[in-house]
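What follows draws every value from the coordinates through simple rules; no lab data is involved. These numbers come from a predicted model, not from an experiment. In this analysis, Cβ positions are derived from the backbone assuming ideal geometry, glycine residues included, and neighbour counts consider all displayed protein chains.
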């Protein structure tokens with residue numbers, strides 16, 4: 001994700017990280033020279049972020065009700081957030097606060113047939129298909145620049161754990177807390193897949209990444 005951000009966003013733009021949690025992405029981007037503000041619904045995450053980043057603007061709010069003036073930001077990060085909220089309302093609000101030509105980088109869980117106990121426990125309302133997400137983005141007044149599946153290499157493992165996870169939390173918990181060696185291997189595979197993204201179009205994946213721009217023609 002860091003590579004995609006560096007390739008796509010300008011350090012001159014003010015970025016809003018919606019769903020910033022405890023601020024790890026805000027901290028990383030600030031350290032890399034970006035101007036970033038954070039927003040989250042949960043106060044405990046914002047409290048932790050404010051202790052780590054006292055100089056950064058942090059706001060408690062919902063993604064579907066953004067408390068910012070129109071054209072306030074040059075870019076928005078929406079990483080694994082849209083599936084938790086009213087997606088049309090959130091995209092409408094994001095379009096309002098973006099400057100003309102403003103960029104959104106977004107990730108969401110993919111493939112509705114992967115729905116499992118884990119989705120319910122995480123508070124997901126839906127999973128997306130690539131074409132369904134593309135249609136939603138365009139209808140919300142944006143121009144799609146890139147939309148693709150990722151986490152393809154690990155998809156067979158995800159399929160097995162999610163199908164078994166429909167019966168209860170045990171398999172879900174195994175996926176969330178892998179052995180350290182397994183976690184290291186999976187992390188390496190994910191990084192390799194991200195590195196290959198510019199030259200490989202994955203046919204499927206457990207997640208979707210989208211980059212889109214505010215369309216001033218609508």
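Some points to look at:
- Euclidean distance of C-alpha centroids, region 91-118 and region 31-72, integer Å: 18 Å
- Footprinting exposure proxy for 201, 72 (fewest neighbouring C-beta atoms within 10 Å first): 201, 72
- Across every pair of non-identical alpha carbons in region 73-130, the mean reciprocal distance, once inverted, gives a Kirkwood radius of 12.4 Å.
- Stokes-Einstein diffusion for region 11-81, with the hydrodynamic radius set to the Kirkwood value over Cα pairs and evaluated at 10 °C in a medium of 1.306 mPa s, equals 133 µm²/s.
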